[in-house]
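I have placed the structure first, in the form of structure tokens, so that the comments after it can refer back to it.
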There are 2 protein chains.
Amino acid sequence: MPPQSEPVASTALTPERILEATEEVLRRYGPNKATVVDVARALGVSHGSVYRHFASKAALREAVTKRWLDRTANQLESIVTADAPAPERLRDWLAGLFAAKRRKAGDDPELFATYSALIERLGGGSGLESVVNRHLADLTGQLTRIIESGIRQGTLAAPDPAAAAEAVFSATARFHDPVYAPEWSHPDIEASFTALVDLLLRGLRP
Amino acid sequence: MPPQSEPVASTALTPERILEATEEVLRRYGPNKATVVDVARALGVSHGSVYRHFASKAALREAVTKRWLDRTANQLESIVTADAPAPERLRDWLAGLFAAKRRKAGDDPELFATYSALIERLGGGSGLESVVNRHLADLTGQLTRIIESGIRQGTLAAPDPAAAAEAVFSATARFHDPVYAPEWSHPDIEASFTALVDLLLRGLRP
DNA sequence: TGAATGACAGATTTCAATTTCTGTCATTCA
DNA sequence: TGAATGACAGAAATTGAAATCTGTCATTCA
């Protein structure tokens, strides 16, 4: 029996408020122990009410994960449209992604581990799979736009921008895939990151 | 209680024979259910005898994993010393590593999953960690030698061959790290592989 | 009348009792 | 005499009974 938490101020019950509470509960209890009843209790309502807004616990987890992933994608969007040469934006974008992931992993290891664990199990027809795939498509889409603008500027070259974006993204997996999070605190990781980005940028030179 | 297996012909009990039997037992029962008693039974000896040759079950697992990893490294060694331009050897080596991993994952999923599971948990001071690290060092060492020879030939360029090797190796993680094994049967994976290797080779051009 | 409730059935998780395994070592065997 | 054995203690895994959770829905509430 978890300790009672303060019910949130009793505004109307909205999906957004439920997601807020869900994230808080996940942070507190972790992915295995967080229950729908816990979420309802945090909101001061019965768990039946939660089911009025989300069809299942799985749907709730999908929504809260999507929210979390979208936050990262939105932060990076500003780099895509920045006013700088494409190679510089490409470097900044990759560094930004790495930094965002590292920050999340470092600042709130509980929640990061929680989301990683949620995402990890995307075996069968899990609905999370499509949420994650959409997120990955968002990110490679941003990369594609940077590369395309570089080709227009004449500062980058690639036969197929989307394929190049995918290649760059998977080449840097070590610096953004949560499975490698334990390595992110290694002292030499910055040097490895720089060496890899240098190599990739050389490969994309006109 | 697992079905009795044929005791292997009763030659002298050597570490090599024990490792052979261990691999067989792992293949049959998987990493969770394989016991030292099972290995001893497969050899027709008591489990006490196994402990004469390996100090612990962990040591036995390390040795059998090392054997498995070394087999891959040895196959690739011939590509390193082949008589071909370095860029070609680099491509062949990466393709060889990918093919070897894919073959192992496809031909004997049980055993592959078994070793992946064994390796996966290299959290704390597991002895497996150093076995795996040595393996990774072997592989990046081979890559380093290819790159160095390419620099001597004038067919490749890199400020720091060892750093470049490390960058190439981690850039291709998606095609050799067991955590990505489920993706290896995706139809577009070959195209992704080729696109990435092309990009990396462009980055290493003189 | 539309949102919220809480009792309920079936699914899942937890926990402690029991079984099985690891690693040791005094003894046996050849 | 050196290798092999098997009984044993403590550690780890398994199991199934009990507790908890998910998802539904007839009923209450405002």
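The values are calculated or read from the model by the stated rules, or taken from the named source; none is laboratory data. If you're wondering where the values come from, they're calculated on a predicted model, not measured in any experiment. Cβ atoms come from the backbone with ideal geometry, glycine included; neighbour counts cover every protein chain shown. Quick note on the areas: whole protein, heavy atoms, side chains included, nothing else; ligands and nucleic acids left out. Shrake-Rupley method; radii C 1.70, N 1.55, O 1.52, S 1.80 Å.
The table below gives the values:
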| read-out | value |
| --- | --- |
| Theoretical FRET efficiency, 1/(1+(r/R0)^6), r = Cβ-Cβ of A:His47 and A:Gln153, R0 41 Å, to 0.05 | 0.15 |
| Inter-copy separations for A:Asn133, label at 7 Å along Cα-Cβ, nm, ascending | 3.9 |
| Approximate spin-label separation A:Val179-B:Glu190, in nm, with each point projected 7 Å along Cα-to-Cβ | 2.3 nm |
| Nearest-first distances (nm) between copies at A:Asp70, label 7 Å from Cα via Cβ | 5.4 |
| Accessible solvent surface per residue of the protein assembly as shown, calculated while the other protein chains remain in place, 1.4 angstrom probe, Å² | 48 Å² |
| Pairwise burial A:B, computed as accessible area of each alone minus the pair, summed, 1.4 Å, Å² | 1600 Å² |
| C-alpha long axis of helix A:161-171 to longest principal axis of chain A, angle in ° | 70 degrees |
| Portion, in percent, of the accessible area of the protein assembly as shown that falls on carbon or sulfur, probe 1.4 Å | 56 percent |
| Calculated on alpha-carbon atoms, Rg and Dmax of segment A:57-203 in Å | 15.7, 49 |
| Solvent-accessible area lost in complex, 10 Å² minimum, residues of segment A:159-178 relative to chain alone, 1.4 Å | A:Ala163, A:Glu166, A:Ala167, A:Ser170, A:Ala171, A:Ala173, A:Arg174, A:Asp177 |
| Using alpha-carbon coordinates, inclination of helix B:189-203 to the longest axis of chain B, degrees | 50 degrees |
| Label distances, nm, A:Ser56 versus same residue in remaining copies, Cβ-directed 7 Å point | 4.3 |
| C-alpha long axis of helix A:109-120 to longest principal axis of chain A, angle in ° | 80 degrees |
| Residues losing 50 Å² or more accessible surface upon assembly, segment A:181-206, compared with the chain by itself, 1.4 Å | A:Leu199, A:Arg202, A:Gly203 |
| Over 30 Å between alpha carbons, listed pairs A:Lys33/A:Lys66; A:Lys33/B:Lys104; A:Lys57/A:Lys101; B:Lys57/B:Lys101; A:Lys57/B:Lys101 | A:Lys33/B:Lys104; A:Lys57/B:Lys101 |
